[in-house]
Amino acid sequence: MESLNIYSVQVILFLTCGAAMATMENDQIIKESNCETKMGLPCVLEAFTSIFEIGSISNKCCGELVVLGKVCHLAFVKRTLENPLFKDLSPTTTIAKSIQTWNNCLALIDSPSPSA
């Protein structure tokens, strides 16, 4: 029985350390990649709404999101999911929405513009 308790403590420590490392990793990515300076606040709010709530993202903001880059985009999403305010959100659903938003923006930016 004692070995079961030790095992439980080890699992809890592993999970706790893993969560702390994930937070540090996302913050480090954001800092090292200068992510916070690459997108204007109005577009940040549009992207946030399209991922964490119900809304869409404009073509202009899709352009800013693609310039932000996928690494920064995913680091911001994961860091937001770590915030206790968003504890009720499903990480799987939210990450799927973030990938869908990214792919939609990427397709929009990569598609040729119609000639005038």
Enumeration of residues in segment 38-56 that are aliphatic (A, V, I, L, M) and touching a Leu at 6+ places or on another chain (Cβ under 7 Å): 39, 47
Matching residues in segment 65-78 - criterion: being under 14 Å from residue 44 (Cα atoms), touching a residue at least 40 places away in the same chain (Cβ under 8 Å) and surrounded by 18 or more Cβ atoms within 10 Å (Cβ to Cβ): 65, 72, 75, 76
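No value in this document is a laboratory result; all are computed from the given coordinates. Because the structure is a prediction, the values reported are computed rather than measured. Glycine also receives a Cβ, built like all others from the backbone with ideal geometry; neighbour counts cover every protein chain displayed.
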